[in-house]
Amino acid sequence: MPRYISQHTLACLTRQGAAELIRRIYEASQVTARRVLLNMQEGKMLVEFDAPGRDDLEKWLAAEKFHFDWLLRVEYESADGELRVVP
């Protein structure tokens, strides 16, 4: 399944609010969250998703009212210094 990384800008989010947001992301059934990275000081969040396609992920984000700054399909990754194709 294709992998994507999204960036989101968060405004005035508490730690409890962030925990609730992450819970919602991991409960998704149309897409699968791999990991969520947050910077509360700068109000930024990165999410790594597996999704059937970009349109499916964009539709899910819109339905959940998750605005995103950008969305990137990951084609390659490195592990242990080797370049590998992301399936």
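Measuring nothing but how far apart in sequence close Cα pairs (under 8 Å, 6+ apart) lie, relative to its length, region 3-85 scores a relative contact order of 41 percent. Packing order of peptides 7-20, 32-45, 50-63, highest average first: 50-63, 32-45, 7-20 (average count of other Cβ atoms within 10 Å over each peptide's residues).
Rounded to the nearest 10 degrees, the inclination of helix 54-63 to the longest alpha-carbon principal axis of the chain is 10 degrees.
Could you calculate the FRET efficiency of residue 74 with residue 19 from 1/(1 + (r/R0)^6), where r is the beta carbon distance between them and R0 is 25 Å, rounded to 0.05? Intermediate values should be presented prior to the final figure.
Details: r = 26 Å, r/R0 = 1.03.
In this case the efficiency is close to 0.45.
Shape analysis of the chain yields a ratio of the Cα radius of gyration to the Kirkwood radius, Rg/Rh, of 0.98. Relative to the dominant Cα principal axis of the chain, helix 15-26 is inclined by about 40°.
None of the figures in this text is laboratory data; all of them are computed from the coordinates on show. Every value quoted in this text rests on a predicted model; they were computed, and no experiment measured them. With ideal geometry, Cβ positions are generated from the backbone for all residues, glycine too; neighbour counts draw on all protein chains shown.
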